[in-house]
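What follows is calculated from the coordinates using simple rules that are stated; it is not laboratory data. In this text the structure is predicted, and so the values were computed from the model without any measurement. Ideal geometry is used to build each Cβ from the backbone, glycine not excepted, and the neighbour counts take in all protein chains shown.
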Amino acid sequence: RATVRALAAAGDPVAKVLGLRALDDPYPLYEKIRERGELSRHPLGLHLTAKHSVVSSVLRDPRFRVEPAVDHVGVDWNIHPGDETRLRHPMEHSLLTMNPPRHTALRALVAPWFTPRALRDREERIEKIVDDFLDQAVYRASFDLVGDFAVRVPTKVVCDLFGIPDDRHADFSRWGSVLAGTLDGIRTLGERHAVRKALAQMTEFFDELILLRRKNPGDDVISGLVRAELDGQPLHRDDVVALAGLLFVAGYETTVNLIGGGALNLLSDPAQKQRLLDDPSTARGVVEEVLRVEPPVQFTLRFTREPLTLCGKQLPADSPVVLLLAAANRDPEVFVDPHRFDAERPNSREHLSFSAGIHFCLGAGLARMEAEIALRRLFQRIPGLHLAGPIRYKRTRNIRGMTTMPVSARMAP
Ligand code: HEM
């Protein structure tokens, strides 16, 4: 445990254990871990599992907890302790790092914006957002499918959810990529500085927005949180900022990668693309299978609350267990021919890319809807789209996705 803490101070422990090798294709590494057995122990004190049934049951098991608000990037963001405006990284002080009962109460406050009905009400707005970007793209001979499309759609969708004016969307996009880009840990002083700056600007922005919504409430998420109460008290400003920050960071980079991964698959498989053009409802199967084979979040971590036995091994209290979601999704005991992409696979949805149990992704429905609309409309509007240059992947271990995907658009007649 002490070793893990020491490692955590220098960055994400799992990223350290898995190393920075094979970032373009991490899947052979997961297979090696699978070969070591259903639960293997790393010399640094972590246990790892690639087995679907174990990952799934640990995520649902109340004898495991998440690490509460650990500064896993190992940095105190506050230059002047005691400043009224405290900086908190949304991934460190959020639902993701909270256990019941506080987790249950806070999650219930934001859940109403993500019900199937709330999502249906947003569908048309999302279609409009996607079409507005495509209106610009169809007139360009070539563009970057990640930077000019996949990044912009989720940013705008979340900004829309928050009621944020258009002229601030570019700021959000910048903050989101800085915060998500350093989730594996801060390696350089430059990165530390960039994260602190993004946090300071985002926090200041949310502070202003909270004041504005107090005076003039609307039907957006921030207005809802400002009105909300916890134990009979209005929600503390730190909690509003942390929840808003989480919704933004959690919903941004991940969805970018889902849209990018789906587009890449369709660009590389003309038959699949034709099926999508003939029958737009096939987008659903493509999205689900991209989630399975290329999960935007590759792993998560849980800790034992008490001594227990897992896969025949004794684990003392506070033992960290790395749950390799990306590897569980390719477990041959659950998925036939697991490395093959098959948009018609009957059980793709058994993937664990949105986690499971009480931390199951709140935005899963929104992400699915955004990606389906984005892929459908992209190929309907530009059926002749093709790859036009090398694709580059992010250098992060946990968040997987591309940074650039040059494409060329031959316009449909
Ligand atoms: C939690 C994945 C999109 C909001 C999670 C977790 C995963 C995940 C794996 C749980 C982590 C754990 O158990 O340790 C994804 C993926 C997405 C996506 C792959 C897109 C493809 C979104 C969107 C939003 C969102 C669009 C909202 C706008 C959240 C929130 C949590 C969460 C609030 C915390 C839930 C809790 O701890 O109770 N997501 N997510 N996510 N996600 Fe997502």
(message) How far apart, in nanometres, would the label points at S268 and S57 be if each is projected 7 angstrom from Cα along the Cα-to-Cβ direction?
(response) 3.4 nm
(message) Please compute the contact order of region 279-376 in relative form: average sequence separation of alpha-carbon pairs under 8 Å and at least six residues apart, divided by the residue count, as a percent.
(response) 35 percent
(request) Taking the Cβ of each residue in I33, I358, I129 as the centre, tally the other Cβ atoms inside 10 Å and list the residues starting with the fewest. (result) I358, I33, I129
(request) Return the FRET efficiency for the residue pair I358, Y139: r is the Cβ-Cβ distance, R0 is 45 Å, and the value is rounded to the nearest 0.05. (result) 0.45
(message) If I take every Cα pair under 8 Å that is 6 or more residues apart in the chain, average their sequence separation and divide by the length, what percent do I get for the relative contact order?
(response) 26 percent
(request) Sort H359, H52 so the one with the fewest other Cβ atoms within 10 Å of its own Cβ comes first. (result) H359, H52
(request) Can you run the Rg to Rh ratio on region 115-189? Use alpha carbon positions and the Kirkwood inverse-distance Rh. (result) 1.04
(request) Any chance you could list the semi-axes, whole Å, largest first, of the equivalent ellipsoid that the Cα gyration tensor gives for region 115-272, using √(5λ)? (result) 30, 21, 14
(request) Take the alpha carbon atoms of region 270-307, find their center, do the same for region 141-176, and report the distance between the two centers in whole angstrom. (result) 22 Å
(message) Debye calculation, C-alpha points only, no solvent: report log10 I(q)/I(0) for region 251-345 at q = 0.22 Å⁻¹, in the same order as the q values.
(response) -1.10
(message) Using helices alone, I'd like the mean residue ellipticity at 222 nm for the chain: each DSSP H run of four-plus residues gives -39500 (n - 2.57), total over residue count, nearest 500.
(response) -15000 deg cm²/dmol
(request) Compute the signed sum of charges (Lys and Arg +1, Asp and Glu -1) over the other residues within less than 12 Å, Cβ to Cβ, of R214. (result) +2
(request) Determine the percent antiparallel among the DSSP beta bridges restricted to the chain, to the nearest 5. (result) 90 percent
(message) Averaging over every viewing direction, what projected area does the convex hull of the Cα atoms of the chain cover, in nm²?
(response) 20.4 nm²
(message) If packing is taken as the average number of other Cβ atoms within 10 Å across a peptide's residues, how do 58-65, 295-302, 387-394 rank, most packed first?
(response) 295-302, 58-65, 387-394
(request) Give me C159, C361 ranked fewest to most by other Cβ atoms within 10 Å of their Cβ, as a rough exposure proxy. (result) C361, C159
(request) Just order 233-240, 395-402 by mean Cβ neighbour count inside 10 Å, highest at the front, would you? (result) 395-402, 233-240
(request) With 25 Å as the limit, write out which pairs from K197/K394; K156/K197; K51/K273; K128/K215; K128/K394 have Cα-Cα distances beyond it, or answer none. (result) K51/K273; K128/K215; K128/K394
(request) Provide the gained length on full extension for the span R214 to H236, in nm with one decimal, where the gain is 0.36 nm per separating residue minus the Cα-Cα distance. (result) 6.6 nm
